[in-house]
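Take a look at the structure below.
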Amino acid sequence: MLILGLDFETTGLDATENRVIEIGAVVWDTDRRRPVQLFSELIKPEPHIQLPPEITEVTGITQEDIDRFGEDGVAAFSRLQDLVSQCDYVVAHNVSFDRSFYENELMRCGFVADPSKPWIDTLYDLPFSNRVSSRKLTHVAADYGVFNPYSHRALFDVITMLQLLSQFDFDEVLVRQKSPNVEVVSHVTYDEREEAKKMGFRWDAGRRIWVKSMKACDANPGVFPFDISVHELN
């Protein structure tokens, strides 16, 4: 099976306000566990959009890089759409981020995303062991012996993600991909809060609850030493 690993570097976190500055995409053969086609482009947004210094600090990409090597977004996203059409799944680490930028950039280019194309999210769809303390890509990949030499450069992040994916049975990943994403609320007292923290729950100060996002197939009440409630995410 062919899948497309995808990652974007952007000018910020809001897909409606910020822009993609780098595309990294890899057509990956799940049977051979090897890349088939690599695609990497710096993207030059409109002239009035300048690269924030904090993005340069994170990615190492400079405004000079964009000005000198950045490609036209329409041409780049047209090529990306062609790659997406040839693959059975799109794969990203934190799909909600990359998919929102993908769809917004396509609209700006006059294209339309295929709503029927399924996405795999390596943040949730991989059956990580309990020893994983962080699901940040660089950290969880290192836990499985995969090291990223250039974190926050799109192509390197994609290759790291796909090498991580290849540590698992792909059929099991597809089963998990079909399981809904849910929010689990832990019903703990103040004195019990450390138990929730140890199991990956975070404190939502606005709602004053301990919550954790996960797959429905993992939200088994018997796994937790406290009462929980489960709510499906849209």
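Bear in mind that the values in this text are calculations on the coordinates, not laboratory data. The shown structure was predicted, so the numbers you read here are calculated from the model rather than taken from an experiment. No Cβ is skipped: glycine too gets one built from the backbone with ideal geometry, and neighbour counts run over all protein chains shown.
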Worksheet item: Quick one: which of 200-207, 147-154 comes out on top by average Cβ neighbours within 10 Å, and what's the full order, highest first?
Response: 147-154, 200-207
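Once you charge only the Cβ atoms, +1 for Lys and Arg and -1 for Asp and Glu, what is the size of the charge dipole of region 181-232 about its Cα centre, to the nearest 20 debye?
Around 200 debye, computed over region 181-232.
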Item to complete: For the pairs Lys136/Lys197; Lys44/Lys215; Lys178/Lys212; Lys117/Lys215; Lys44/Lys212, note any where the Cα-Cα span goes beyond 27 Å.
Response: Lys44/Lys215; Lys44/Lys212
Item to complete: Kindly write out, for region 134-150 in residue order, the coupling ³J(HN,Hα) from the Karplus curve 6.51 cos²θ - 1.76 cosθ + 1.60 (θ = phi - 60°), rounded to whole Hz, with x marking Gly and Pro.
Response: 9, 9, 4, 3, 4, 6, 5, 5, 4, 4, 9, x, 10, 10, 9, x, 9
Fill in: Full-extension gain in nm, Arg33 to Tyr190, via 0.36 nm per residue minus C-alpha separation
51.9 nm
Discussion item. What whole-number distance in Å separates the alpha-carbon centres of region 201-234 and region 95-138?
Written reply: 21 Å
Practice prompt. Mind checking the full-extension length gain between Ser179 and Val132? Use 0.36 nm per residue of separation minus the Cα-Cα distance, one decimal, nm.
Written response: 14.9 nm
Worksheet, complete the sentence: If one builds a Gaussian network model of the chain from Cα atoms under 10 Å apart, the most fluctuating residue listed among Asp29, Asp14, Asp143 is Asp14
Worksheet item: Which of [x] 22.7, 68; [y] 19.0, 57; [z] 20.9, 69 is the computed Rg and Dmax of the Cα atoms in Å for the structure on display?
Response: [y]
